[in-house]
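Engineer: Could you have a look at this structure, given as structure tokens, before my questions?
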Amino acid sequence: PRRLLLLAPPQMERGVWVERDDLILEARRYNLYLRALASELNCAFADASALRPPLAFDGVHLLPEGHEALYEGLLPVVSALVFPA
């Protein structure tokens, strides 16, 4: 069974730590690379960006609500890997 989950991080947005659009573009490319790698390795993949977790003022780190959104969104994915039907 596939029990390895490759998780792409939430997308950055402009903030104190992210002042250039090229950084955001590079992060998007990285997530696409992770998706392709998961396919190549035949492992599960999840993209945290799809959950749209709220980010802090720095444009990188999750707010408490973002952590909750990540938990809620990934719980079914992880549960399916740990407890396959």
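The values are calculated or read from the model by the stated rules, or taken from the named source; none is laboratory data. On a predicted model such as this, the values are computed, not experimentally measured, just so you know. Don't worry about glycine lacking a Cβ; one is built from the backbone with ideal geometry, like all the others, and counts go over all protein chains shown. In case anyone asks, the SASA skips ligands and DNA or RNA and just uses the protein heavy atoms, side chains included. Shrake-Rupley method; radii C 1.70, N 1.55, O 1.52, S 1.80 Å.
Engineer: Give me the dipole magnitude in Debye, nearest 20, for the chain about the Cα centre, with unit charges on the beta carbon: positive for Lys and Arg, negative for Asp and Glu.
Structural biologist: Magnitude of the dipole: close to 360 debye.
Engineer: What distance in nm separates the two pseudo spin-label positions at R28 and V78, each 7 Å out from Cα along the beta-carbon direction?
Structural biologist: Calculated label separation equals 2.9 nm.
Engineer: Between the range 54-79 and the range 2-19, what is the separation of their alpha carbon centroids in Å?
Structural biologist: After rounding, the separation between the Cα centres reads 10 Å.
Engineer: Taking H as built 1.01 Å from N, whose amide H comes closer than 5 Å to the amide H of L55, not counting residues under 5 places away?
Structural biologist: Those qualifying (amide H under 5 Å, at least 5 residues apart or on another chain) are L63.
Engineer: Mind listing the long-range amide H neighbours of Q11? Cut-off is under 5 Å, sequence gap 5 or more, other chains count too, H placed in the peptide plane at 1.01 Å from N.
Structural biologist: Residues meeting the amide H criterion: S49.
Engineer: If I compute solvent accessible area with a 1.4 Å probe over the protein chains, what percent of it on the chain is carbon and sulfur?
Structural biologist: With neighbouring chains kept in place, the figure for the chain is 61 percent.
Engineer: Calculate, for the chain, the solvent-accessible area per residue in square angstrom, rolling a 1.4 angstrom probe over the heavy atoms of the protein chains.
Structural biologist: 71
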